[in-house]
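The values are calculated or read from the model by the stated rules, or taken from the named source; none is laboratory data. Given the structure is predicted, the values throughout are model-derived calculations rather than measurements. All Cβ positions, even for glycine, are placed from backbone atoms using ideal geometry, and neighbour counts span all protein chains on display.
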Amino acid sequence: MIYNFIDDNTITHQRAPALKSLLLILNMLIPLAAASQALRTPSPLAHPTPVITAVEQPVCDRTIYAQPLCHDSLYINIAKSVRTLFVYERRCTGTTLIAAYPVCLGANSGNKCRVGDCRTPETADGLPFVICQIANASGWHHDFRDGRGSMPAYGDWFLRLKGDYPGSGIGIHGSTGNRYSVPGRGSEGCIRLRDEDIIHLKENYAFLGMKVFIEKDN
C-alpha cells in the first residue's frame, strides 16, 4: 500500500516539504511492518507431520506419514486390535506418527504364557521390549508342520525382541511363504510383516535398542 492521497496543488508551500517527508517515512515503514508480521505468523509448513490421535487406524498397505527428525527418538507400537505396527517419533511438539505396516500376529489371542502357545507377547505396565538383534534371516528355514516341510519363512531380516516373555525367540520378521497371512493372525507368536516391509522397516527405522510396545488384545 502506497500513501499518495495528498495532491501537491492542494497544500501550502510551507507544509509541502514536511508532509512529503511524512509520506515517505510511512511508505517505508508499512512494508517493514508487513514483513515483521509475516515472520511472526506460523507457516503452515512449520509442522508438516501429523500428531497422532488416541485412535490408531488399521492399514492394509505400508503407509508413510512423515520423515523422522531423529532416529534415536523412534519407537514401535504394535496394536493387536488393528493388526498394525506403528512407528512413532517423540518430538518436542508431541508424539508424531511416522509410518504404519500391516502385520500378522500369533494365531491365538491373549498374552504369551508359555513357549509354543502361538500367542504374541504383550508389554506389561508400559515396560517395552527392546530390539536386541538384527539378523540376516534370508537363509533361515522353518517347518510349520503343515505338510510343506522346511522352507524359507522369515524374509530378509529378523528383529529379535528382548523382554519379559517366555523363551527368547519372538521377533519381527518377513512372511516368506505366508504373505497372505498379513494382515491377520496365524504366526506362532512372532510379528510378521510382508517381505518388502521388513526390508523397509530395517533400512529406514529399526536399530539396536529400539523400544517396542505391544498392546493388549481388546
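Being closer than 17 Å to residue 79 by Cα and surrounded by fewer than 17 Cβ atoms within 10 Å (Cβ to Cβ), is that true of even one residue in the stretch 158-176? No, the stretch 158-176 contains no residue that is closer than 17 Å to residue 79 by Cα and surrounded by fewer than 17 Cβ atoms within 10 Å (Cβ to Cβ). Being in contact with a Phe, Trp or Tyr (Cβ under 8 Å, 6 or more places away or on another chain) and aromatic (Phe, Trp, Tyr) is the filter; apply it to the stretch 136-189 and report the residue that is nearest to residue 114 (Cα to Cα). It comes out as 165.
What strands (runs of 3 or more DSSP E), lying completely within the stretch 56-146, carry at least 2 residues that are among the charged types (D, E, K, R) and surrounded by 15 or more Cβ atoms within 10 Å (Cβ to Cβ)? Result: 84-91.
Can you confirm whether the stretch 133-151 contains a residue that is modelled with pLDDT of 95 or more and in contact with a His (Cβ under 7 Å, 6 or more places away or on another chain)? For the stretch 133-151, residues modelled with pLDDT of 95 or more and in contact with a His (Cβ under 7 Å, 6 or more places away or on another chain): present.
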